[in-house]
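Report on the following structure.
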C-alpha cells in the first residue's frame, strides 16, 4: 500500500460510534420500527416464501442474460427517444453528466434520490464545475445541508433526530424559524424546493428497474420529488448500474412489491413512476430530452463469478441493514462506504478491492439475519465467508479485485505455527505444556491474542455499569492447568 | 461517450460464465384475487389508510360533486385537460357564476408555468382503473391530460370507475397489454405526497399534492 491513500477502517470508526448514545438511540428506534413494519407486511409465510423465490428467479434470470438484456434496453430506449450512454468508471459517468449539462448551459440541477450518484460523488463533482446540484428527497436534502453522506440507503438522514434537524434548518435556511415540529420542518423544505424545481434547468434521478422489453425506467418514491425532478426541468438524466435491468414488464410488479414491503413496510409507495420517453408529439409537458447513463464501476467483474454474482441481485431495499445487529449499533457512517450494512460488506470490497476493504468482510458476526430478510435471497453470510477467504488467499481463477491482498502477517504466522504444531507430536506436546504452565504470564496485548481477549481496548469509554458486565462476559480465555492428554493419561487411558 | 466503454462492458459480460437462470413461477401473483364486489371497498380502505379521501358519486352527478367539493373547501381554480371525454363532461356541466373556475391545461407548460406553480388550487385527471391488492390508481398522462396535472397543484382529484379495479398491478398491466406500447409516462398513485425522513414520522404534502381525492363513480357489483 505505502504511498497509496490509506484504506478506511471499520473498527476504529465503529468504536467511536458505539460511544455516541444519541446516535445509537436514533438507529435503535428507527430499525425497530422498520423491522416491525416489514414483519406486518409479510405476515403470510407461504406468500413470503413464494414471492421471494419469484423475486430471486427474476433477478437471477436477468443476471444470466445481462449483456443481451442491456443491448435490448439500449435499442428500446433509443427507439423511444431516450439517449443511452455507457460508463465504465464513475469518472466517466461524471464526465458524461457534465457534458450533457454544459451542452444545455445548465447551472441549476435538482436531483432525485440515486445511490449510483452517491457512488459517483456527483454533487461534489458538479459543484467543482460551477453547477448547483441540489438533493430534493427530504432526507438527502437534510444531509446535503449538513455536508454529510447517507447513513442508510433508503432513509439517508436516519442518524439525525428532529432536534438536530431543527437546529440545522435554523442555521442553514435563511427564512426558517426554529421549530421541532415535523410537519413544519417538512413545510420549510417544501417551500425552498418548490422554487428550485421551478427554476432547475435539468433533473437527475436514479432508476429502480429498467425494463428491457419496453425501454421503460421505473422510479419508486413517496415524496413526489422524483416526479418533480424528472418531469419539470427540460432535461432529465437517469443514472443506473448495469444490474438494474429486468427482462419483461411483468417482472416488475413482484419486485416492486418485495421492495416497498421490505424497505419501509409499505404495501405500495405513493408513486410508481414509469418513464418510457421524453415529451412526446403533442404532449404539453415533460422533459424535451431524457438521457440514460449505464454505469459499470466494477459490476461486470462481479457478474463473472458464478457465486459472487448473487451480489448483483440486490434491489436496494435496505432490509439487510435494518435487521443487522452490527449496523443497528454502529450506524451507517462507520462503514465508510457508499453502501453500508450487510450489502455494503459484500459489494464495496468487490468494487474497491477485497484487500483494501477487508475490514468490511470481517465486520460481521455471520448471524445471517440479513440473508433471512433479503427479499431476493442473496446468501450474504456465505458470500462474506467466501470474500474473507479471497482476501487472504486468491482462489484459483478468481476474478475478485484485490484477492490475496488482505493477508495479515500476524494471522499468517499464527496459522503457520498452528500447522507446524499439528504436524509434529513433539512440538504439539511442547506447545500444550507451555500454554498450560506459562499462559498466565503472557501479555494480553500480543497481536491476535489481544483481538481475542481485548476487553481493555474495546470497552474503554463505556459507562461503568456496562463495563462491569462486559468484563464479566469477555473474560480472557485461560488454558487449564494441565493438558487433556496429561489428564487422560493420568486416569489410565491409552493416549496413542 | 468514453471511447469503447460500451464494447468493453458488454465484452466482459459476454466472456463471463456468470449466473445461471432459473425459471420464474408467477403462481403467487395469479393467486391474488378478490371477488368483484370486494375490490372497491378494499382499494378504498387501503388508500384511506394513507390519507386519500373519497368523493362518491354517480355517472350523472360526478361533475356536480366536484364543483360542490371545491366550493366547500374554498378552492377557487381547477386545472383540467379539456381534450378528454371526462374533461368535456366537466366543462359542459360546470355551473357558471360563483364557485371554482375551470382552467384548461391546453398549451405547453412553458406558457403557463408560473400559473401552474403559484395559482392553481387543484388538478383533475382521469384514471385507467385502480388496484385492489395495495390500493392505488393507474394514471396515463397524454397530450390531452398532461403529466403535471396530477403533480404540481396542491390538491389532485382523480376520477375512478369502481368497476375498473384490478386485483393486482401485475394483473392490470397484463390485462391492458402494457408491454405492447407504453406511453412516455405512466404511473401508479396511492395517496397524497408523503415522507418519513424525519424520525420515521409521517408527514404529508412534502413535494407533490397535499391531498388526493378519489372521485369514485359507483358502478357494477357493489
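What follows draws every value from the coordinates through simple rules; no lab data is involved. Remember, it's a predicted structure, so these values are computed and weren't measured experimentally. Positions of Cβ are generated from backbone atoms using ideal geometry, with glycine treated the same way; all protein chains shown enter the neighbour counts.
Some observations on this one:
- Note on chain B: GNM, Cα springs under 10 Å; of B:180, B:123, B:68, the largest mean-square fluctuation is that of B:180.
- For region B:35-217, the alpha-carbon coordinates run over 44, 42, 32 Å along the three principal axes, in decreasing order.
- Over all distinct Cα-Cα pairs of region A:1-60, the Kirkwood formula returns a hydrodynamic radius of 15.6 Å.
- Paramagnetic label zone (point 7 Å from Cα along Cα-to-C-beta, residue A:163; backbone N under 15 Å) in region A:25-58: A:25-27
- Between the beta carbons of residue B:72 and residue B:202, assuming R0 = 22 Å, the FRET efficiency works out to 0.30 to the nearest 0.05.
- Helix-only mean residue ellipticity at 222 nm for chain A, each DSSP H run of n ≥ 4 adding -39500 (n - 2.57), per residue, nearest 500: -15000 deg cm²/dmol
- Each distinct pair of alpha carbons in region B:172-222 adds a 1/r term; the inverse of their mean, the Kirkwood radius, is 14.3 Å.
- Summarised as an ellipsoid, chain A has semi-axes of 47, 27, 21 Å, derived from the eigenvalues of the Cα gyration tensor scaled by 5 and square-rooted, with the largest first.
- Look at the alpha carbon pairs under 8 Å that are at least 6 residues apart: their mean separation over the length of chain A gives a relative contact order of 18 percent.
- At q = 0.28, 0.29, 0.30 Å⁻¹ the log10 of I(q)/I(0) for region A:241-302 amounts to -1.10, -1.12, -1.15, computed by Debye summation with a single uniform scatterer per C-alpha, solvent ignored.
- Size descriptors for region A:1-144: radius of gyration and Dmax over Cα atoms are 21.1, 55 Å.
- Cα centroid separation - region B:1-73 against region A:99-137, whole Å: 29 Å
- Rounded to 10°, Cα long-axis angle of helix B:36-48 versus longest principal axis of chain B: 80 degrees
- Diffusion constant of region A:170-248 at 20 °C, which comes from Stokes-Einstein with the Kirkwood Cα-pair radius and 1.002 mPa s, µm²/s: 146 µm²/s
- Rounded to the nearest 500, the helix-only mean residue ellipticity at 222 nm of chain B stands at -8000 deg cm²/dmol, with each DSSP H run of n ≥ 4 adding -39,500 (n - 2.57).
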